[in-house]
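Asks: The structure is given below, and queries will be raised subsequently.
Nothing in this text is a laboratory measurement; each read-out follows from the coordinates by a stated rule. Computed from a predicted structure; not experimentally measured. Counting neighbours? That spans all protein chains shown, and the Cβs are built from the backbone with ideal geometry, glycine included.
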Amino acid sequence: MSFSSRLSRFGKGSGANPGAKNVDGNLGDDADSVRRAHATEASEPGENAPTEAEQGTGRAHNSILEDLRARMAKALSKHETKLPRGHDSEGEASVVFRESLPLEVVESPSGATFERRLRGESLDARVGPAALTDALEASMPWLSMLALDESLAVCNIKEALFLDTETTGLSGGTGTVAFLVGLAWWSEDDGRFMTELLFLPTFASEEPMLDYLAARLRKASFLVTFNGKSFDIPLLKTRYALHRKAFPFEGPHLDLLHVARRIHRGREFSVRLQSLEQVLFGLEREGDIPSSQVPQAYLAWLRGGDSAPVRAVLEHNTQDVLTMVALVGLYGRPLGQSLLHGKELVAAARAAKKAGNTTQAGAVLAVAEGRGIDDSFARDFHLEKAALYKHEGSWADAATSYEEARAWLDDDRVRLELAKVYEHRLRDAKAALTVAEQGTGEVFERATKRKQRLTKKLTAPKQRKLPGVS
């Protein structure tokens, strides 16, 4: 019932509720009945007319009623203006004007819609100097080793689905929605990489968009993301769960952020995706929107704001996905063709050793050495080579590599490892004591004990061996 109807009903008196008490405190009569009674009595000749005091009382009653009606009107008007968001004064859904975006409407079988953009990238498309098609030559066993994930070794890069999301918040959680999902894959039919954007024009479009995404995910043999293991995939799993749907993909997952951290550890640049673009590919984005402003741009557009920032978000997401394709081409190059520099090759050898592939680790170090060792990574190279020799049990070679590492930068950690090799593996107490006296970084008690033990070994008389005993 509208406010006007309720107010008129109130003014009609007690007919709707005979048992109600009026302002006079009487049962069954409202103020209008009282006024009519007074008027009738005053109009009949010979009857007692109301006194001035009684008339004053009636006017006071009228004033109280008018004041009460005014207060009720004010209270009800406040209540009726609190309509649900997106509804007009009649309670009907209102249409917020939003500037259109370069997307097409996709209708689901249920009739719900979302928006998308499907585009085939040029055959000579590049990220800086890196061609997208370089990714097709990536060695999956090599990438598997760098990612420390054996399941990736048998995957086919042509069956990969590259995925990146843009969200309403950067912290994740059930209140964060992926309003844009960017995808890329290799199309055998088109002979080129395809990019696709799935966009929510309203939050009500989420379920059909997730259903469409599920079909894409089921076709992929593995996923490629950048920080997807920590952010994108957990977020999407939450969204599917809130719609009472199972996440449609459980296959291998190559997270390029993990590879980048492993390969570029110790370098003087960030491993954020755009930083890698600048350092590795020389790409400077023009007119790009910072990631921190993406949620604000989308939410403002939903309220009828400018579409230009959202258009920038669409291009931002597409570039992120294409950069991931380029990174697969860079990191996945076979060892002999690798464009990684000396320090990155040492890091790759470390990853190979951690993966248990010492043969591959040795091959990587050999490539790094063949390309020339300079002072930017010489110490790391010799330390990694010493660790590899230790793993193989080549103790003399390990000691030589530690000595070479000391030539570049002598520190406590290297001296400690060298002292251990000399004492326990090469049985050279004199060399071990010489190194130990230069400092091994151990606590005083342990360092003292080590030197005392080595001194005792040097001063102890050698025992004569019995004949026939080796």
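Asks: For Val105 and Glu392, compute 0.36 nm times the residue count separating them, minus their Cα-Cα distance, and round to one decimal in nm.
Replies: In short, 97.2 nm is gained.
Asks: When Lys and Arg each count +1 and Asp and Glu each count -1, what net charge do the other residues less than 15 Å away from Ala405, Cβ to Cβ, add up to?
Replies: Local net charge: -3.
Asks: Turning to a different aspect of this structure: Sort Val294, Val435 so that the residue with the fewest other Cβ atoms within 10 Å of its own Cβ comes first and the one with the most comes last.
Replies: Neighbour counts put them in this order, fewest first: Val294, Val435.
Asks: Hey, what do the phi angles of segment 269-275 turn into as Karplus ³J(HN,Hα) couplings, whole Hz, using 6.51/-1.76/1.60 and θ = phi - 60°, x for Gly and Pro?
Replies: So the Karplus estimates, Gly and Pro as x, are 9, 6, 9, 5, 4, 6, 5 Hz.
Asks: Follow-up question, since we're still on this one. Quick check: pseudo-label points 7 Å beyond the Cα along Cα→Cβ at Ser122 and Thr358, how many nm apart are they?
Replies: About 5.0 nm separates the two model spin labels.
Asks: Same structure again: Dipole magnitude of segment 324-470 about its Cα centre, charges +1 at Lys/Arg Cβ and -1 at Asp/Glu Cβ only, in debye to the nearest 20?
Replies: 960
Asks: A further question on this structure: So if I place +1 on the C-beta of Lys and Arg and -1 on the C-beta of Asp and Glu, and nothing else carries charge, what would the dipole magnitude of segment 214-322 be about its Cα centre? I want it in debye, nearest 20.
Replies: 680
Asks: Mind scanning Lys354/Lys457; Lys354/Lys449; Lys219/Lys245 and naming the pairs with a C-alpha gap bigger than 24 Å?
Replies: Lys354/Lys457; Lys354/Lys449
Asks: What net charge is computed for the residues neighbouring Ala112, neighbours being all others with C-beta under 10 Å from the C-beta of Ala112, Lys and Arg scored +1, Asp and Glu -1?
Replies: Taking every other residue near Ala112 into account, the sum is -4.
Asks: A further question on this structure: Take Lys74, Lys237 and order them by how many other Cβ atoms sit within 10 Å, fewest up front.
Replies: Ordered by Cβ neighbours within 10 Å, fewest first: Lys74, Lys237.
Asks: For segment 104-331, just the Cα atoms, rotate onto the principal axes and tell me the three extents in Å, largest first.
Replies: Principal axes ranked by extent give 44, 35, 35 Å for the Cα atoms.
Asks: What is the sum of charges, Lys and Arg at +1 and Asp and Glu at -1, for the other residues whose Cβ falls under 13 Å from the Cβ of His258?
Replies: Counting the neighbours of His258, the net charge comes to +3.
Asks: Sticking with this structure for a sec: How far is the Cα center of segment 104-167 from the Cα center of segment 204-242, in Å?
Replies: 13
Asks: Sticking with this one: Where in segment 275-375 are there GluC sites (Glu not before Pro) that are in a DSSP coil and have at most 10 other Cβ atoms within 10 angstrom of their Cβ?
Replies: For GluC sites (Glu not before Pro) across segment 275-375 that sit outside H, G, I, E and B with at most 10 neighbouring Cβ atoms in 10 Å, the list reads Glu284, Glu286.
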